[in-house]
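A short write-up of the structure that comes next.
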Amino acid sequence: MAPIPGSGLAKGLAVTLRTMTKKTVTAQYPDAQPELPPRTRGVIALFEENCTVCMLCARECPDWCIYIDSHKETVLPAAPGGRERSRNVLDRFAIDFSLCMYCGICIEVCPFDALFWTPEFEYAETDIHELTHERDKLREWMWTVPAPPALDPGAEEPKEMAAARKTADKLATEQAAQAQQAAQADPSASAPAESPATPPSGPQEGQS
């Protein structure tokens, strides 16, 4: 059956009329903050303690907008006779958000969970050079990162959580066994202390 002439125009006008009759709601920004989706790509935050200066994020960045500086420090051996080790210490971690295209590759490739998306978006500047934010600012944004979504009730527990719980249970068992052995070796330590004998209340010798 051939379409009725002008049906497309009628449908378009119907959508326009429905939109025109709806009540207009103005977002009162900045007095009222918008409700952003949980996975909003606002800005990238840095969890500095997890960064090992592996440079993977800087190498994989398509725009080369991540700048990292570091130096090496010698770590003394933990036990006598051990070998000294060297580790990388982070000196600078900066992101130029005037170049960043918010692809999220740096967050995906980070093997140590040092970079996160945060819904923070109020970081506009009047000078383009001030859009290069250093690690102190990136660390401040870390506190705006939303909590990860909860697992499904039937999902498997993450292996990291299972390993941590197994280690904690083993440590608690060892501590309880040590405490029990110490109590058996020194029973007087666990016995209640005897109260000192009280003198008789009657008259003493030499008293009338």
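The values are calculated or read from the model by the stated rules, or taken from the named source; none is laboratory data. Note that the coordinates shown come from a computational prediction; the quantities given were computed from them, not determined experimentally. FYI the Cβ positions are ideal-geometry reconstructions off the backbone, even for glycines, and counts take in every protein chain you see. The protein model used for the area step is the full one, side chains on, heavy atoms only, and it has no ligands, DNA or RNA in it. Shrake-Rupley method; radii C 1.70, N 1.55, O 1.52, S 1.80 Å.
What nm distance separates the two modelled labels at Thr52 and Asp96, each placed 7 Å from Cα along Cα→Cβ?
Spacing of the two 7 Å Cα→Cβ label points: 2.9 nm.
Would you kindly work out the equivalent ellipsoid of the range 87-143 from its C-alpha gyration tensor and give its semi-axes, the square roots of five times the eigenvalues, largest first in whole Å? Intermediate results must be reported in sequence, preceding the final value.
Numbers: eigenvalues 79, 42, 27 Å².
With the √(5λ) rule applied to the range 87-143, the semi-axes are 20, 14, 12 Å.
Calculate, for the range 48-136, the solvent-accessible area per residue in square angstrom, rolling a 1.4 angstrom probe over the heavy atoms of the protein chains. Kindly include the intermediate steps, with their values, before the conclusion.
Values: 5730 Å² over 89 residues.
Accessible area per residue: 64 Å².
Magnitude of the Cβ-charge dipole of the range 15-102, K/R +1 and D/E -1, about the Cα centre, nearest 20 debye? Write out the running numbers ahead of the final one.
Numbers: 11 positive and 11 negative charges, 99 e Å.
Result for the range 15-102 is approximately 480 debye, rounded to the nearest 20.
Sorted from largest down, give the three principal axis spans of the alpha carbons of the chain, whole angstrom values.
Here the spans come out as 130, 54, 44 Å, largest first.
Kindly provide log₁₀ I(q)/I(0) values, in the same order as q = 0.13, 0.15, 0.20 Å⁻¹, from the Debye equation applied to equal alpha-carbon scatterers of the range 38-119.
Values, matching the q order: -0.47, -0.59, -0.89.
Pop out the carbon and sulfur fraction of the accessible area of the chain as a percent, whole number, probe 1.4 Å. Let's see the in-between values first.
Working: 9560 of 16740 Å².
Accessible surface attributable to carbon and sulfur in the chain totals 57 percent.
What do you get for the angle between helix 159-185 and the principal long axis of the chain? Use alpha-carbon atoms, 0 to 90 degrees, nearest ten.
Relative to the chain, helix 159-185 is tipped by roughly 10 degrees.
Please give the contour-minus-distance gain from Ala172 to Glu84: 0.36 nm per residue of separation, less the Cα-Cα distance, rounded to one decimal in nm.
Working: separation 88, 0.36 × 88 = 31.68 nm, distance 3.22 nm.
Once the chain is fully extended between Ala172 and Glu84, it gains 28.5 nm.
Projecting each Cα onto the charge dipole of the chain (Lys/Arg +1, Asp/Glu -1 at the beta carbon, about the Cα centre), which of Ala79, Ala32, Tyr123 comes out farthest on the positive side?
My answer, from the dipole projection, is Ala32.
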